[in-house]
Amino acid sequence: MVGVLDINVTKAATSKLDSLDLTNLPFGRVFTDHMLEADYEDGEWKSVEIKPYQPLLMEPSMAALHYGQAIFEGIKAYRDQQGQVSIFRPMDNFRRFNISAERMFMPTVPEEIFIDGLKMLIDLDRDWVPSQADHSLYIRPVMFATDPMIGVKPSDSYKFLILLSPTGPYYVAPMKIYVEEKYTRAAPGGVGFSKNAGNYGGSMLATALAKKQGYDQVLWTDAFEHKYLQEVGTMNVFFIVGNKAITPSLADGTILAGVTRDSAITVLQEMGLKVEESRITIDELIDLHKTGQLREVFGTGTAATISMIKELKYKDYVMHFDTEQAVTAPELKRRLTALREGKSPDRHGWMVRV
Ligand SMILES: *Cc1c(COP(=O)(O)O)cnc(C)c1O
């Protein structure tokens, strides 16, 4: 087992930070001075190192490119008003990463590399964590198969990386959503609950077609009947009905168990709402809308936290939501943001200090 002391550190000679303005950076294009890299070979993780961010050298036959054993995570770190840096619920992402790894028949990554390595990396690039409101450091752990051969089989070797990218406010205007009836994101027995790269590749056509028709994203439905609601784009979805919040249940294995989803469930309950994780169909949703009970619809995810939905279209039926009048989504976002920026007490132990 690799201990913290076994992580080799090679520091960058100069920092790119000196020539950068951390405000208004485009999402995911600028990376910090360092990255973590570990290789899995002969049944164990070896050569764990933190080194200057740099390109990788790879074989054109690299297994991940051909057969798709590739998984990732998305996490954020924040700087509070005292200047302290904390990561939001990294243990939850660590556990989910290994659930994805098991489903994709890849090795799990030990906590000493994922969590301790992440803390060491952020500590080294601490100055990159923005201090402005709504800014954060986006963390991207990723693992992929590296066997240099094109025979179909689980790879014997893998690479694990952690990249850090400072990000500004990720504002998402209220979205128009197309309820998808043709393409499918996930089916029971499939890989929908894992954060694997292919789930994203498989969703791009449907999203592009929806965009062509003037929609921002699709609301995925189940693979058999296209009735049961799953997720909105790459976010979990919540429906506010009276004093109740309904979100699709994780029971079918077709939904990614979002850390923001889980946090939203806790905070919505603290706000006095009843939260129901259940199966819900598009017909049930339309009935709730027709009877005036459906007040708000929103998506949750690490990148944007909460994204309000102003329109949902299913066949010829269009539901409009006056997001100016929304109360639940803005309050939920306000509470989550205050917590992560250290402006309200961390009662659940969600913030992990670096
Ligand atoms: C990552 C992801 C989410 C959101 O998960 P968070 O942990 O809240 O960021 C939701 N759905 C899909 C498909 C995802 O890949």
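The values are calculated or read from the model by the stated rules, or taken from the named source; none is laboratory data. Small disclaimer: the values here were computed from a predicted structure and weren't measured. Neighbour counts run over all protein chains shown; Cβ positions are idealised from the backbone, glycine included. Keep in mind that these areas ignore ligands, DNA and RNA; they rest on the heavy atoms of the full protein, side chains included. Shrake-Rupley method; radii C 1.70, N 1.55, O 1.52, S 1.80 Å.
Numerical summary
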{"quantity": "Flag for Arg29 being part of a helix (DSSP H, G or I) and either surrounded by fewer than 17 Cβ atoms within 10 Å (Cβ to Cβ) or in contact with a Phe, Trp or Tyr (Cβ under 6 Å, 6 or more places away or on another chain) (or both)", "calculated": "no"}
{"quantity": "Condition met for Pro90 (buried (at least 16 other Cβ atoms within 10 Å of the Cβ) and either within 12 Å of the ligand (Cβ to nearest atom) or of a type in the set (Lys, Arg) (or both))", "calculated": "yes"}
{"quantity": "So Ala329, is it open to solvent by less than 20 Å² (accessible area, probe 1.4 Å), at pLDDT below 95 and in the same structural domain as Ala264 (by TED's automatic domain parsing)", "calculated": "no"}
{"quantity": "Within the stretch 260-280, considering residues that are closer than 18 Å to Arg96 by Cα and small (Gly, Ala, Ser), the one surrounded by the fewest Cβ atoms within 10 Å (Cβ to Cβ)", "calculated": "Ser263"}
{"quantity": "The stretch 172-228, residues that are among the hydrophobic types (A, V, I, L, M, F, W, C), surrounded by fewer than 16 Cβ atoms within 10 Å (Cβ to Cβ), in a loop (DSSP other than H, G, I, E, B) and at pLDDT 95 or above", "calculated": "Ala187, Phe224"}
{"quantity": "Unique match (being in a helix (DSSP H, G or I), of a type outside the set (Val, Ile, Thr), away from the ligand (no atom under 16 Å from the Cβ) and in the same structural domain as Ala186 (by TED's automatic domain parsing)) among Glu276, Glu324, Glu296, Glu311", "calculated": "Glu324"}
{"quantity": "The one condition in (1) more than 21 Å from the chain's Cα centre (by Cα); (2) within 16 Å of the ligand (Cβ to nearest atom); (3) among the aliphatic types (A, V, I, L, M) that Ala63 fails to fulfil", "calculated": "(2)"}
